[in-house]
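Read the structure below first, then the notes.
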Amino acid sequence: MRIREPRPDDVAPYAEAVRRSADHIGRWNPVEPDGLAELLDRQGPGLRTFLIEDVDTGGLVGKCNVANIVMGRFCNGALGYDSYLPYAGTGRMTEGMRLVVDRCFAPGERGGLGLHRLEINVQPDNARSVAMAERLGFRHEGFTPRMLFLSGAWRDHERYALTAEEWTPIDR
Ligand SMILES: CC(C)(COP(=O)(O)OP(=O)(O)OC[C@H]1O[C@@H](n2cnc3c(N)ncnc32)[C@H](O)[C@@H]1OP(=O)(O)O)[C@@H](O)C(=O)NCCC(=O)NCCS
C-alpha cells in the first residue's frame with residue numbers, strides 16, 4: 001500500500017469507490033460520494049486527508065481523515081476512516097492505516113504531521129472498527145455517551161488513543 005494526499009483528479013474515482021461501498025460504509029459513517037471536492041477545500045492545519053492506494057492496481061483502498069488537529073501543547077488528531085470495495089476485509093486497509101499513523105507521528109522535517117497523540121472514536125457495536133483500532137495498537141481509554149451526531153442521533157463512542165512513545169516508526 002501507499003498513502004498520498006487527495007487531488008482534484010481523484011474526485012471521480014473517489015465517487016465511484018464510495019458509491020460501490022455505500023452498504024459497507026453506511027451503517028457507521030455518512031456516505032458522501034460527491035464529498036471529495038469539499039474535503040479538498042477544507043484541507044488545512046486542522047484537517048489532513050490521506051488516500052490509501054493499492055500499489056499493484058492503483059485502486060482506491062480507503063480514506064483516512066486526520067481531523068480536529070490541535071498543535072501547541074496537545075499535538076493531537078482524530079482518525080476517521082472508510083475502506084472501499086473490493087479491498088475491504090483483505091487486510092490492505094490495516095496496512096494503509098499503519099502508514100497513516102506513521103506519517104502522523106513523524107516529525108515535520110521528515111514530511112510528517114508531528115503529532116504526539118492520535119485518537120479513534122468508535123461506536124460500541126462497530127466491531128470491524130474496534131478491531132482496526134486494536135490491530136493498530138490503540139489503547140481503550142474510555143466511553144463517551146452521545147459524543148458524535150451520526151445518522152440523525154447523538155451516538156455513544158468508545159475512545160481509543162495512541163501516543164508517539166507507543167509507536168515503532170516504520171523503517172523506510
Ligand atoms: C472499519 C473499516 C475501515 C475496517 O476496514 P477493513 O476493510 O475491515 O480493514 P482490513 O481489511 O485491513 O481488515 C482486516 C480484516 O481482513 C482480514 N484479512 C484478510 N486478508 C488479510 C491479509 N492478507 N492480511 C491481513 N488481514 C487480512 C483480517 O483478518 C481482518 O479480518 P477479521 O476482522 O475477520 O479478523 C471498514 O470496515 C469500514 O470502512 N467500515 C465502515 C466505516 C467505518 O466503520 N469507519 C470507522 C468509523 S469509527
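Throughout, read-outs are computed from the coordinates displayed, never taken from laboratory work. Here the structure is a predicted model, which means the values were calculated and not measured. Heads up, the Cβs are rebuilt from the backbone with ideal geometry, glycines too, and the neighbour counts pull from every protein chain shown.
Please report the antiparallel percentage of DSSP beta bridges with both residues in the chain, rounded to the nearest 5.
Among the beta bridges of the chain, antiparallel pairing accounts for roughly 90 percent.
So for the chain, averaging the separation of alpha carbon pairs under 8 Å that are six or more residues apart and normalising by length, what relative contact order in percent results?
18 percent
Along the charge dipole of the range 2-166, pointing to its positive end and built from +1/-1 on Cβ of Lys, Arg, Asp and Glu, which listed residue (Pro86, Leu47, Gly142) has its Cα farthest out?
Gly142
What does the extension gain come out to for Glu16 and Leu85, with contour length at 0.36 nm per residue minus their alpha carbon separation?
23.8 nm
If the convex hull of the alpha-carbon atoms of the range 43-88 is projected onto planes in all directions, what is the mean projected area in square nanometres?
3.7 nm²
With bins 5 Å wide starting at 0, give me the P(r) of the range 2-166 over every alpha carbon pair, in whole percents.
2, 9, 17, 22, 22, 17, 8, 2, 0
Enumerate the whole-percent occupancy of each 5 Å bin, from 0 to the last occupied one, for all C-alpha pair distances of the range 102-167.
For the range 102-167, the binned pair fractions read 4, 18, 22, 19, 15, 12, 7, 2, 0 percent.
Could you pull out which residues in the range 65-97 have an amide N less than 20 Å from a spot 7 Å beyond the Cα of Thr144, following the Cα-Cβ vector?
65-82
Would you compute, from DSSP H runs of 4+ residues alone, the mean residue ellipticity of the chain at 222 nm, taking -39500 (n - 2.57) per run and dividing by the full residue count, rounded to the nearest 500?
So the helix-based figure for the chain works out to -7500 deg cm²/dmol.
What is the order of Met97, Met71, fewest Cβ neighbours within 10 Å to most? Mind dumping the intermediate values first?
On the way: Met97 25, Met71 14.
Going from sparsest to densest Cβ surroundings: Met71, Met97.
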